[in-house]
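A.B. asks: Take a look at this one; I'll ask things after.
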Amino acid sequence: MILEQQQQQEQQKELTQKDQLKWLRSLNSKWSDYPEWMTKAIKSGWTPQDRDYNKINPQKWTRAERMMAFIEQECHVPEGNLLGQLITLIPFQRMFIRAVYDNPNAQTRRAILSVARKNGKTSLVAPLVIGHIIGPEAVRNSQVVSGAMSARQANILMGAMKKIIAQNPEMTARTRVTTGAIRSITTNVEYGCLARSGSTAQGLSPSVAVLDEAGQIVGPRDAFVDAIVTAQGAHSNPLLFVISTQAASDSDLLSVWIDDANRSSDQTTICHVYEADSDCNLLDETQWLKANPAMGVFRSVDDLEIQMSRAARMPSYEATARNLLLNQRISLLSLAVPPAIWKKNGTKINEELFLQYPVHVGLDLSQRSDLTAAVLSVYDPEDQTVHVKPITFTPFDTLRERSERDRAPYDLWVKDGMLIALPGTHMDYDMISSALAKETEGMQIATVQYDRWRIQDFKPRAEANGFASGAEWIPVGQGFKDFSLRVDGLDSLLLRSKIRHGFHPLLNLGASNAIVVADPSGNKKYDKSKSSQRIDTLVALAMAVYPLSDMAEVPVFDVDTMII
């Protein structure tokens, strides 16, 4: 009897999964209003209502409906099984177009759409751009550009646009297509595609710009993107499309933009991000749909099933599958601090604690022109948490060059008081120790946990300037053996949500770019995930919190000396 019940339950489970998969396949195949799972992708902007514009007098069409009509009535599928057929927009595409062009709160200036790979990003962007060249959104004598991270990526969008135009004789007659540009004969709108690897956006003034696969940009800043964005400054209502799969790190440019859109109330930004839940089961088809809104139409369910099954069997492929197929913000490397864990520890710090209780300092001195980081830690006995704050230094004279090299907005952090810029091109330990003495005035410095590198040059200056004069100075080797306990100590505090870092940008930078490497014995230390990124603050943080972690060595008392 029990065996029969178990068999029935298994059969029911199998039937439910098959019915669910069948539903997923058919969901996008017909016109319908936006389902709830789709509207949850809206991170910024308004939630539009869908309607069948074919049943409405064209004179009453909105901007979005004019653009949709242009795409569906004049643009043909550029490649694939549906080659030559008129494009049919599916629900997530219609919702994005409506959100961008019919924004009731403001003129949309930035429109971000992030979906997993193979969900028709190019097939949506290509006709949209054509709509700004010869379609309903064309502005006479204006410029339109698209920027990609490589020449190959730039040619993909350009190639799709050329194929669409070539299939419509009227479009062909109204445009002049050359190797790297498209110009409208009727509106004199000029379009050009740029590649970050070889093109420059200097001298351009585009009213509409597209950033293709911006998730590939490492770091929170990029000179190529800055050039395109600033080039739009001459227009009162410029429009920037950002179409991409998510970036790997919270500190990468696309992530910074998405998070800003999510937190801010900027009505000019539309942001739609289709992503699976962070802790989802790789084989959950409903999670596939959350990241793949074109699933069952031009995103193959069978292909997804094969790739996700492989990721479930092979842990080495899981990170890639989560990033590219589930559109999750996850590094393809083993990050030292998972983003979700770091966010759980982002509570604002209490500055008063540093003047009330003993403070520990983690000190990571830099080479000639990098960052020097001192991280302060203090224990709050009330809620048993550790509050931390960095004091970070960098040379002023090379600030711009290193901002570009490291792809980090050092200049903005200096302006906001988050980073201290010292005069000159090299680190001056006298200035650093003097500034640290001033920043820690009134604090009881218990220990300074330091990297031995150049400490013989720094410590005499610290003593002369009165920094941590009564503290115990403790050397910390940066190899596997000595640093492994520091890694474990920080991990223990983070996993129990006992750290309070307040999302300081310099700490964010270190946490989002460090990976953990281990020796054959299992000892661990931090390494850089990218050669252009700094992890100095995370190294200093691990040293600073170690005395307050459960990994710290417990003092051994001589019982005999306690007997009177």
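The values are calculated or read from the model by the stated rules, or taken from the named source; none is laboratory data. Since we're looking at a predicted model, the values are computed, not measured. Here Cβ is always computed from backbone atoms with ideal geometry, including for glycine, and neighbour counts include all displayed protein chains.
A.B. asks: For ASP457, state whether it is within 37 Å of the chain's Cα centre (by Cα) and either of a type outside the set (A, V, I, L, M) or closer than 19 Å to PRO390 by Cβ (or both). Break it down stepwise before answering.
C.D. replies: Details: within 37 Å of the chain's Cα centre (by Cα): no; either of a type outside the set (A, V, I, L, M) or closer than 19 Å to PRO390 by Cβ (or both): yes.
When the stated conditions are applied, ASP457 does not pass them.
A.B. asks: Something else about it: Just the residues that are more than 14 Å from ASP451 (Cα to Cα), among the small types (Gly, Ala, Ser) and surrounded by fewer than 18 Cβ atoms within 10 Å (Cβ to Cβ), please, taken from segment 472-501.
C.D. replies: Once the filter is applied, which keeps residues that are more than 14 Å from ASP451 (Cα to Cα), among the small types (Gly, Ala, Ser) and surrounded by fewer than 18 Cβ atoms within 10 Å (Cβ to Cβ), segment 472-501 yields SER492, SER497.
A.B. asks: Continuing with the same structure: One residue is enough: does segment 228-251 have a residue meeting the conditions without any contact (Cβ under 8 Å) to a residue 12 or more places away in the chain, out of contact with any strand residue (DSSP E or B) (no Cβ under 8 Å at 6 or more places or on another chain) and among the hydroxyl-bearing types (Ser, Thr, Tyr)?
C.D. replies: Checked segment 228-251: at least one residue is without any contact (Cβ under 8 Å) to a residue 12 or more places away in the chain, out of contact with any strand residue (DSSP E or B) (no Cβ under 8 Å at 6 or more places or on another chain) and among the hydroxyl-bearing types (Ser, Thr, Tyr).
A.B. asks: Any chance segment 48-67 includes a residue that's among the aromatic types (Phe, Trp, Tyr), under 26 Å from ALA166 (Cα atoms) and outside any loop (DSSP other than H, G, I, E, B)? Break it down stepwise before answering.
C.D. replies: Let us first name the residues in segment 48-67 that are among the aromatic types (Phe, Trp, Tyr), namely 53, 61.
Add one more test, that the residue is under 26 Å from ALA166 (Cα atoms), and what stays is none.
No: segment 48-67 contains no residue that is among the aromatic types (Phe, Trp, Tyr), under 26 Å from ALA166 (Cα atoms) and outside any loop (DSSP other than H, G, I, E, B).
A.B. asks: Which of the residues belonging to segment 431-443 are part of a helix (DSSP H, G or I) and buried (at least 16 other Cβ atoms within 10 Å of the Cβ)?
C.D. replies: Within segment 431-443, the first condition is being part of a helix (DSSP H, G or I), and the residues that meet it are 431-439.
Residues satisfying the conditions are MET431, ILE432, SER433, SER434, ALA435, LEU436, ALA437.
A.B. asks: State all residues of segment 48-68 that are crowded, with 18+ Cβ neighbours inside 10 Å and of a type in the set (A, V, I, L, M); if no residue qualifies, say none. Full working, then the answer.
C.D. replies: Filtering segment 48-68 for residues crowded, with 18+ Cβ neighbours inside 10 Å gives 48, 53, 64-65, 67-68.
Selection gives ALA64, MET67, MET68.
A.B. asks: OK, next. If we only count helices (runs of 4 or more DSSP H) wholly inside segment 284-380, which ones have 3 or more residues that are out of contact with any Ser or Thr (no Cβ under 6 Å at 6 or more places or on another chain) and in contact (Cβ under 8 Å) with a residue 60 or more places away in the chain?
C.D. replies: The qualifying helices (runs of 4 or more DSSP H) are 285-291, 339-344.
A.B. asks: How many residues, within segment 384-415, are in a loop (DSSP other than H, G, I, E, B), under 20 Å from PHE503 (Cβ atoms) and modelled with pLDDT of 90 or more? Let's see the steps before the verdict.
C.D. replies: In the first step, residues of segment 384-415 are kept if they are in a loop (DSSP other than H, G, I, E, B); the result is 384, 396-398, 407-409.
Filter once more, so that each one left must be under 20 Å from PHE503 (Cβ atoms): 407-409.
After this cut, where a residue has to be modelled with pLDDT of 90 or more as well, the list is none.
Counting residues in segment 384-415 that are in a loop (DSSP other than H, G, I, E, B), under 20 Å from PHE503 (Cβ atoms) and modelled with pLDDT of 90 or more gives 0.
A.B. asks: Could you tell me whether segment 103-122 includes any residue that is at pLDDT 95 or above and in a helix (DSSP H, G or I)?
C.D. replies: For segment 103-122, residues at pLDDT 95 or above and in a helix (DSSP H, G or I): absent.
A.B. asks: Right, something else. Quick check on my filter: what residues within segment 171-191 are surrounded by fewer than 21 Cβ atoms within 10 Å (Cβ to Cβ), polar (S, T, N, Q) and either over 21 Å from LEU239 (Cα atoms) or free of Cβ contacts under 8 Å to residues at least 24 places away in the same chain (or both)?
C.D. replies: Scanning segment 171-191 gives THR172, THR178, THR179, THR186.
A.B. asks: Assess whether GLY159 counts as being more than 26 Å from ASP226 (Cβ to Cβ) and assigned to a helix (DSSP H, G or I). Let's see the steps before the verdict.
C.D. replies: Values: more than 26 Å from ASP226 (Cβ to Cβ): yes; assigned to a helix (DSSP H, G or I): yes.
Yes.
A.B. asks: Sticking with this structure for a sec: Would you say GLY131 is crowded, with 21+ Cβ neighbours inside 10 Å, under 20 Å from GLY84 (Cβ atoms) and of a type outside the set (A, V, I, L, M)? Spell out the reasoning first.
C.D. replies: Working: crowded, with 21+ Cβ neighbours inside 10 Å: yes; under 20 Å from GLY84 (Cβ atoms): yes; of a type outside the set (A, V, I, L, M): yes.
In short, yes.
A.B. asks: Taking the criterion of being part of a helix (DSSP H, G or I) and more than 21 Å from SER244 (Cα to Cα), would at least one residue in segment 261-279 satisfy it?
C.D. replies: no
A.B. asks: Can you tell me which of PRO315, PRO293, PRO358 is modelled with pLDDT of 90 or more and surrounded by fewer than 21 Cβ atoms within 10 Å (Cβ to Cβ)? Even if it seems obvious, please write down each step before you answer.
C.D. replies: Working: PRO315 fails: modelled with pLDDT of 90 or more; PRO293 fails: surrounded by fewer than 21 Cβ atoms within 10 Å (Cβ to Cβ).
Just one listed residue meets the conditions, PRO358.
A.B. asks: Let me ask you something else. Checking the conditions here, which among ASN237, ASN262, ASN168 is modelled with pLDDT of 95 or more, surrounded by fewer than 20 Cβ atoms within 10 Å (Cβ to Cβ) and outside the structural domain of ASN323 (by TED's automatic domain parsing)? Steps first, answer last, please.
C.D. replies: Numbers: ASN237 fails: modelled with pLDDT of 95 or more; ASN262 fails: modelled with pLDDT of 95 or more.
So the residue among ASN237, ASN262, ASN168 that is modelled with pLDDT of 95 or more, surrounded by fewer than 20 Cβ atoms within 10 Å (Cβ to Cβ) and outside the structural domain of ASN323 (by TED's automatic domain parsing) is ASN168.
A.B. asks: Residue check: is ALA514 buried (at least 20 other Cβ atoms within 10 Å of the Cβ) and on the phi > 0 side of the Ramachandran plot?
C.D. replies: Values: buried (at least 20 other Cβ atoms within 10 Å of the Cβ): yes; on the phi > 0 side of the Ramachandran plot: no.
Against the criterion (buried (at least 20 other Cβ atoms within 10 Å of the Cβ) and on the phi > 0 side of the Ramachandran plot), ALA514 does not qualify.
A.B. asks: Sticking with this structure for a sec: Scan segment 397-414 and tell me whether some residue there is within 32 Å of the chain's Cα centre (by Cα), in the same structural domain as PHE503 (by TED's automatic domain parsing), more than 30 Å from GLY215 (Cα to Cα) and surrounded by fewer than 16 Cβ atoms within 10 Å (Cβ to Cβ).
C.D. replies: yes
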